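Data first, discussion second: the structure below is written as structure tokens.
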Amino acid sequence: MSKVLESSSLMVTFSDQVSLHFPPLVLEAGEMVLLQGPSGAGKSTWMHAIAGLTPFHRGTVDIHGFATLYAGKKAPKQWRRSAVSLLPQKPFFWNSLSLSENLGLAAWAKGIDPPTMSLDALGLGTKGAQAAHSLSLGEQQRVNALRSFLGNAPVLLADEPTASLDDHNAAAVMALLRAHLEKQACGIVVSSHDHRLVPYMDRIVTIG
């Protein structure tokens with residue numbers, strides 16, 4: 001395997017001078033890592049720092065094929081478009097657009113061609129013209145996962161992807177992540193309290 005992500009010890013300091021410290025992390029292509037820890041340990045903050053969304057104040061993040069992200073600096077060009085994909089806990093869609101149009105908008109933002117036949121893979125091929133709010137939460141999260149695959153970024157960060165999902169839908173989302181991992185030369189970090197995810201993981205990292 002080859003490394004797709006190498007992060008040194010990171011420190012994020014907030015306006016009230018409270019700091020969170022995170023251990024080094026190396027992620028290999030084809031590897032899915034579970035990031036776990038108590039509420040308040042900073043799992044989401046760590047992910048957002050790696051994604052270039054939250055500034056960090058010590059350390060570096062390297063993603064294979066892209067410029068290094070340094071403490072106190074803005075994310076390098078193409079970082080959020082092509083280097084890292086973030087699957088958020090709560091699906092967000094423009095309700096004025098159909099599901100297919102939402103996927104097309106995400107593709108446009110990444111500078112790639114709109115996906116074709118994508119919803120068919122989820123068994124939702126007949127619902128492309130519908131608005132997102134017409135789907136169940138489980139269906140929305142599967143579309144959310146599908147959207148995060150666009151562009152085939154080498155690093156995918158999934159923040160509590162199975163929160164509020166029943167066993168069936170949680171398994172469906174994790175099966176999608178596993179299938180994407182096996183198809184693409186990427187690495188995935190999943191932040192979650194959900195014990196149901198452990199069997200899907202190659203490794204567990206605990207913080208806090």
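Since every read-out is calculated from the coordinates, none of them should be taken as a lab result. Everything numeric here is computed off the predicted structure, so don't read it as measured data. So basically every Cβ, Gly included, is an ideal-geometry build from the backbone, and we count neighbours across all protein chains shown.
Mean 1/r over all different Cα pairs, inverted: what Kirkwood radius does the stretch 147-198 give, in Å? Show your work: numbers first, answer last.
Details: mean 1/r = 0.0872 Å⁻¹.
Result for the stretch 147-198, one decimal place: 11.5 Å.
Taking amide H atoms as placed 1.01 Å from N in the peptide plane, list the residues 5 or more away in sequence, or in a different chain, whose amide H sits under 5 Å from that of E28.
When sequence neighbours closer than 5 places are left aside, the close amide H contacts are V4.
Spelling out what I want: for every residue of the stretch 61-69, take phi, set θ = phi - 60°, compute 6.51 cos²θ - 1.76 cosθ + 1.60 (Karplus), and round to whole Hz; glycine and proline get x.
10, 10, 10, 3, x, 10, 5, 6, 8
Can you give me the long-range amide H partners of L86? Hydrogens built in the peptide plane at 1.01 Å from N, cutoff under 5 Å, separation of 5 or more residues or another chain.
L157
Give me the distance in nm between label points sitting 7 Å out from Cα along the Cα-to-Cβ direction at T68 and I204, one decimal.
A separation of 3.3 nm, rounded to one decimal place.
Multiplying the sequence separation of H57 and S15 by 0.36 nm and subtracting their Cα-Cα distance, what value in nm do you get? Numbers along the way, then the final one.
Working: separation 42, 0.36 × 42 = 15.12 nm, distance 1.20 nm.
The span from H57 to S15 would gain 13.9 nm if fully extended.
Efficiency by 1/(1 + (r/R0)^6): what FRET value for E6 and K183, r their Cβ-Cβ distance, R0 = 22 Å, to the nearest 0.05? Walk me through the numbers before you get to the answer.
Working: r = 23 Å, r/R0 = 1.05.
Result of the calculation: an efficiency of 0.45.
Over all directions, average the projected area of the Cα convex hull of the stretch 101-189 and note it in nm².
If you wrap the Cα atoms of the stretch 101-189 in a convex hull and average its projections, you get 5.7 nm².
If you take the Cα Rg of the stretch 1-53 and divide it by 2.2 N^0.38 Å, with N the number of residues, what do you get?
Numbers: Rg = 12.3 Å, N = 53, 2.2 N^0.38 = 9.9 Å.
Taking N as the residue count of the stretch 1-53, the ratio is 1.23.
Translational diffusion coefficient of the stretch 1-98 at 20 °C, 1.002 mPa s, Stokes-Einstein with Kirkwood Rh over Cα pairs, in µm²/s as a whole number. Spell out each step's value before the answer.
Working: Rh = 14.6 Å.
Rounded, D is 146 µm²/s.
Give K3/K90; K73/K183; K3/K43 a once-over and call out the pairs whose C-alpha atoms are over 23 Å from each other.
The pairs that break the limit, which is 23 Å between Cα atoms, are K3/K90; K73/K183.
What is the set of long-range amide H partners of R58 at a cut-off below 5 Å, with H atoms built 1.01 Å from backbone N?
Amide H to amide H, under 5 Å and 5 or more residues apart or across chains, R58 pairs with M11.
What number, rounded to the nearest 500 deg cm²/dmol, is the helix-based mean residue ellipticity at 222 nm of the chain, given -39500 (n - 2.57) per DSSP H run of at least four residues and division by all its residues?
Working: 4 runs with 49 residues, N = 208.
Rounded to the nearest 500, the figure is -7500 deg cm²/dmol.
Pairs of alpha-carbon atoms within less than 8 angstrom and 6+ residues apart define the contacts here; what relative contact order does the stretch 1-150 have, in percent? The partial results should precede the final answer.
On the way: 199 pairs, mean separation 26.8, N = 150.
So the answer I get is 18 percent.
Across the stretch 88-98, in residue order, what do the Karplus-derived ³J(HN,Hα) couplings come to in whole Hz, using 6.51 cos²θ - 1.76 cosθ + 1.60 with θ = phi - 60° and x for Gly and Pro?
x, 5, 9, x, 10, 9, 7, 5, 7, 10, 6
Each residue of the stretch 187-193 in turn: what ³J(HN,Hα) in whole Hz from Karplus with 6.51, -1.76, 1.60 and θ = phi - 60°, glycine and Pro shown as x?
For the stretch 187-193, the Karplus-derived couplings read x, 10, 10, 10, 9, 6, 8 Hz, x marking Gly and Pro.
Using only the alpha-carbon atoms, how far is helix 167-183 inclined from the longest principal axis of the chain? Give it as 0 to 90 degrees, nearest 10.
The angle comes out at about 70 degrees.
Around P55, with a cut-off of 10 angstrom between Cβ atoms, what is the net charge of the other residues, counting Lys and Arg +1 and Asp and Glu -1? Show your work: numbers first, answer last.
Details: positive: K73, K74; negative: none.
After counting each charged neighbour, the total is +2.
Given the alpha-carbon gyration tensor of the chain, what are the semi-axes of its equivalent ellipsoid in whole angstrom, ordered largest first, with each equal to the square root of 5 times an eigenvalue? Before the final figure, lay out each step's value.
On the way: eigenvalues 155, 72, 55 Å².
So the equivalent ellipsoid measures 28, 19, 17 Å along its semi-axes.
Ignoring trypsin sites (Lys or Arg not before Pro) that are buried or in helix or strand per DSSP, and keeping those with at most 15 other beta carbon atoms within 10 Å, what is the longest stretch of the chain between them?
Details: sites that count: K73, K74, K77.
Longest gap between qualifying sites, sites excluded: 78-208.
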